[in-house]
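**Q** Below: one structure in structure tokens.
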Amino acid sequence: MIRITGGKHRSRKIVTPETMLTKPTMDKVRAGVFNALGNHLVGKSVLDLFCGSGSYGFEAISRGASFVIFVDHTKFSKDAVLTNAETLHEENFEFVFKDALSFINETEQKFDLIFMDPPYKLDVIASVLSVIEKRGLINKDGAIIVESEREISFNETYQDVRHYVYGLAHVYILRK
């Protein structure tokens, strides 16, 4: 189990998927990411790709986001997200049981924040970012948060790239 680090659900525990295929984002990493984002979450629309337990999305809801779409293609993640939503008494979300690339290729929605934390062994970050950019899925003044196990170079599309390192996790906050 991990905990929500701030907002209305601060210190509440959430479950993680019962599988070795996911790696929950540690509390200190999420706290650092949300501290870097600041208090600009109220009323924001959020996409949590490769959501696992939904820790990024539930953290965003706890801190004031208006709606989160969780996307994952595993039953373990679906079960964890639905359990966590019930535990937290949250209804401002949708779980989409689908592969992340399929979802972003099909959705017409735009988001203020997109969290992207794929399993470390998947090499999909560049392709997912490319689709997000081509389809215009991020709102003006929005941000994309990418978590990876290695350092990444981003193209000139993103004028503002902040890089944080928490143990083995590299976290990037990308803005145009």
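The values are calculated or read from the model by the stated rules, or taken from the named source; none is laboratory data. Only a predicted model underlies this, so the values are computations on that prediction, with no experimental measurement involved. All Cβ positions, even for glycine, are placed from backbone atoms using ideal geometry, and neighbour counts span all protein chains on display.
**Q** Test residue 86 against the stated conditions and say whether it is without any contact (Cβ under 8 Å) to a residue 24 or more places away in the chain and over 16 Å from residue 54 (Cα atoms). Working first, answer last.
**A** Values: without any contact (Cβ under 8 Å) to a residue 24 or more places away in the chain: yes; over 16 Å from residue 54 (Cα atoms): no.
Judged against the criteria, residue 86 is not a match.
**Q** Cβ-Cβ below 6 Å, separation at least six or inter-chain, first residue in the range 132-150 and assigned to a strand (DSSP E or B), second surrounded by fewer than 14 Cβ atoms within 10 Å (Cβ to Cβ) and not hydroxyl-bearing (Ser, Thr, Tyr): which pairs?
**A** 143/175
**Q** Also: Quick one: in the range 88-130, which of the residues that are among the acidic types (Asp, Glu) and over 16 Å from the mean Cα position of the chain (by Cα) is surrounded by the fewest Cβ atoms within 10 Å (Cβ to Cβ)?
**A** Result: 108.
**Q** Also, quick follow-up: Which residues, taken from the range 72-87, are among the hydrophobic types (A, V, I, L, M, F, W, C) and buried (at least 24 other Cβ atoms within 10 Å of the Cβ)?
**A** Of all residues in the range 72-87, those among the hydrophobic types (A, V, I, L, M, F, W, C) come to 76, 80-82, 85.
Scanning the range 72-87 gives 80, 81.
**Q** Only one residue in 66, 45, 62 is under 12 Å from the mean Cα position of the chain (by Cα), at pLDDT 95 or above and of a type in the set (Ser, Thr, Tyr), so which one is that?
**A** 45
**Q** Would you please list the contacts, defined by Cβ atoms under 8 Å and residues six or more apart or on different chains, that run from a residue in the range 30-45 that is within 15 Å of residue 139 (Cβ to Cβ) to a residue that is surrounded by fewer than 17 Cβ atoms within 10 Å (Cβ to Cβ) and among the basic types (Lys, Arg)?
**A** Pairs found: 45/110.
**Q** Take the range 139-168 and flag every residue that is in contact with a Phe, Trp or Tyr (Cβ under 6 Å, 6 or more places away or on another chain), closer than 18 Å to residue 50 by Cβ and among the β-branched types (Val, Ile, Thr).
**A** Residues satisfying the conditions are 145, 146.
**Q** Let me ask something else. Please enumerate the residues belonging to the range 152-176 that are outside any strand (DSSP E or B) and of a type in the set (Phe, Trp, Tyr).
**A** Residues satisfying the conditions are 154, 158.
**Q** A further question follows. Please state which of the following conditions residue 10 fails to meet, knowing it meets all the rest: (1) over 21 Å from residue 148 (Cα atoms); (2) free of Cβ contacts under 8 Å to residues at least 40 places away in the same chain; (3) surrounded by fewer than 22 Cβ atoms within 10 Å (Cβ to Cβ).
**A** (2)
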